[in-house]
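What follows is a short report on a single structure.
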Amino acid sequence: MYLFQLGLRRAATQLSKSSFACGQCLCQQASPAPPSHILKLVAARAPAIRSYATKTKSPIASLSKNIQNEKTSNKTSEKKSSFPETNAKSVGYWLLGSAASVFGIVVFGGLTRLTESGLSITEWRPVTGSLPPMSAEDWDSEFEKYRASPEYKLINPHMDLDEFKKIYFMEWTHRLWGRFIGLSFVIPTIYFIARRKVTPRMAANLVGISALIGFQGFIGWWMVKSGLKDDLFAPGSHPRVSQYRLATHLAAAFACYSWMLLAGLSVFRTHRALGNPAYYTGHFSALQNPALNILRRSVLGLTALIFTTVLSGALVAGLDAGLIYNEFPKMGTGYMPPKAELLDKFYSRKEDGSDIWWRNMLENPSFVQLDHRILAMTTFTAVLALFAYSRTGRVQAAMPPNVRKGVLGLVHLVSLQVALGITTLIYIVPIHLAATHQAGALALLSGALVLGQRLRIPKNTVALVQRQLKQGAQPLKTQALSQKMQEVAKNAATKA
């Protein structure tokens with residue numbers, strides 16, 4: 001029985017399903033329909049559709065991916081530089097205010113020298129010297145130190161304590177003003193850089209100016225120290241500071257002022273350009289005119305000539321060369337002193353006389369005044385020539401209005417400065433005229449710097465204006481202005 005059941009099971013597994021169904025059911029079962037033509041096409045195209053689907057993405061997926069990419073790019077750009085692309089306007093106001101303060105201390109420093117007050121304080125105490133003597137004992141101590149100086153022994157042996165206090169307060173105010181400039185610049189510099197109120201380039205400028213201010217304080221004491229030693233001037237001669245150190249001190253002050261002025265003006269120029277990009281697009285394009293190339297280089301050379309004339313004036317002040325030949329245009333019987341006076345062997349320190357030329361040019365009061373006269377008249381002539389050249393056809397047509405005004409202002413400043421110089425010389429260097437003449441020199445240099453800044457094409461500002469135009473709301477007009485700004489930026493980069 002068991003063997004019979006096992007054989008039945010094996011036979012059932014080998015039979016098909018039709019063996020167990022009736023014939024009527026098999027007839028009623030519908031035969032499968034043949035596949036349609038559309039299904040055949042879909043089946044044929046299925047591999048291509050699957051490959052295309054893998055390559056392409058849905059709009060929502062691509063949009064989300066773009067947003068993620070923008071976020072990551074913004075994060076990476078923020079990590080690279082957290083400094084802004086433009087400086088805050090407050091930085092510009094602060095820089096121009098600091099420049100005005102330097103202008104004032106330059107004039108006051110001239111008054112300190114003219115009143116012979118610079119050697120009244122014989123020590124350099126950057127911190128403790130901020131306070132004046134507070135008691136009678138302190139005043140006696142300071143006066144006793146001054147009595148040991150060559151200036152008191154040779155020039156002021158009859159000076160009393162009240163007269164000493166006058167010259168002491170002049171020098172003390174000059175030094176206190178210098179400390180104020182240093183603190184009022186260094187502390188805001190740290191704040192602006194820490195708060196990211198300035199661009200990286202402006203941050204480097206601020207650090208450089210701060211270092212120059214600190215170095216200027218050292219130069220000031222180095223200059224005063226030269227007037228406190230007998231071995232730095234001939235025995236029995238008028239005690240004075242070294243004219244070389246005086247010129248260095250004045251040059252550093254002028255450089256500091258110029259640096260502050262140009263940095264402050266650049267801040268406002270950038271903000272004006274971004275506030276009116278359409279106007280400044282045409283303005284920068286006009287500055288690209290080849291007719292202005294010679295004018296631009298001439299202004300640069302004129303600025304260097306004015307600075308050289310200022311340094312020669314410092315030599316005149318250091319040697320008191322303005323107290324001789326108080327007439328103009330002649331110097332004595334002729335337009336220049338005798339050759340024997342100009343090339344005096346007294347100033348030569350070598351036996352072969354190889355240094356007689358440059359020693360007399362820098363140490364002989366007669367030769368130094370002649371140098372200053374020649375440089376001053378050369379500067380005056382150069383400014384007039386620049387004005388005449390700017391009124392020629394091609395140049396006048398290409399000049400923007402602010403450049404035209406700058407050239408005319410330079411003519412006014414140099415005319416006033418020449419008149420002040422001649423008047424100061426004829427009246428034997430009165431204090432008020434001499435101080436005004438020194439202020440006029442700094443004003444003339446300011447005019448040249450402003451004119452040069454107006455002729456300059458700032459590449460960074462051009463790039464910012466170009467970017468702002470691309471993001472404008474008027475497509476057609478913006479595109480035309482953007483193309484013009486691209487041409488300006490390309491020309492500026494080529495010249496650089």
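The values are calculated or read from the model by the stated rules, or taken from the named source; none is laboratory data. All values reported here derive from a predicted model rather than from experimental measurement. Note that we place each Cβ from the backbone using ideal geometry, even for glycine, and neighbour counts take in every protein chain shown. Accessible surface areas use protein heavy atoms only, side chains included; no ligands, DNA or RNA. Shrake-Rupley method; radii C 1.70, N 1.55, O 1.52, S 1.80 Å.
Structural remarks
Residues checked against (1) loosely packed, with under 14 Cβ neighbours inside 10 Å; (2) farther than 25 Å from G313 by Cβ; (3) out of contact with any Gly (no Cβ under 9 Å at 6 or more places or on another chain):
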{"residue": "L111", "(1), (2), (3)": "no, no, yes"}
{"residue": "T122", "(1), (2), (3)": "no, yes, yes"}
{"residue": "E137", "(1), (2), (3)": "yes, yes, yes"}
{"residue": "F164", "(1), (2), (3)": "no, yes, yes"}
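- Of note, Y325 does not satisfy the criterion of being of a type in the set (S, T, Y), buried (at least 16 other Cβ atoms within 10 Å of the Cβ) and over 30 Å from L386 (Cβ atoms).
- Residues that are open to solvent by less than 30 Å² (accessible area, probe 1.4 Å) and either touching a helix residue (DSSP H, G or I) at 6+ places or on another chain (Cβ under 7 Å) or of a type in the set (A, V, I, L, M) (or both), drawn from region 328-344: M331, P337, L342
- Residue within region 444-452 that is surrounded by fewer than 14 Cβ atoms within 10 Å (Cβ to Cβ) and modelled with pLDDT of 90 or more present: no
- Per this entry, R201 is not counted among residues that are touching a Ser or Thr at 6+ places or on another chain (Cβ under 9 Å), open to solvent by 40 Å² or more (accessible area, probe 1.4 Å), modelled with pLDDT under 95 and among the charged types (D, E, K, R).
- One residue stands out among those in region 345-385 that are out of contact with any helix residue (DSSP H, G or I) (no Cβ under 6 Å at 6 or more places or on another chain) and among the acidic types (D, E): the one that is least open to solvent (accessible area, probe 1.4 Å), which is D355.
- Taken over region 187-198, residues that are open to solvent by less than 20 Å² (accessible area, probe 1.4 Å) and assigned to a loop (DSSP other than H, G, I, E, B) amount to 1.
- Boolean, T392 is free of Cβ contacts under 8 Å to residues at least 40 places away in the same chain, farther than 19 Å from A304 by Cα, open to solvent by 20 Å² or more (accessible area, probe 1.4 Å) and β-branched (V, I, T): yes
- Qualifying residue in region 87-108 (condition: surrounded by fewer than 14 Cβ atoms within 10 Å (Cβ to Cβ), modelled with pLDDT of 90 or more and of a type in the set (S, T, N, Q)): yes
- Residues that are charged (D, E, K, R) and surrounded by fewer than 18 Cβ atoms within 10 Å (Cβ to Cβ) were ranked within region 209-260; the one that is modelled with the lowest pLDDT is D231.
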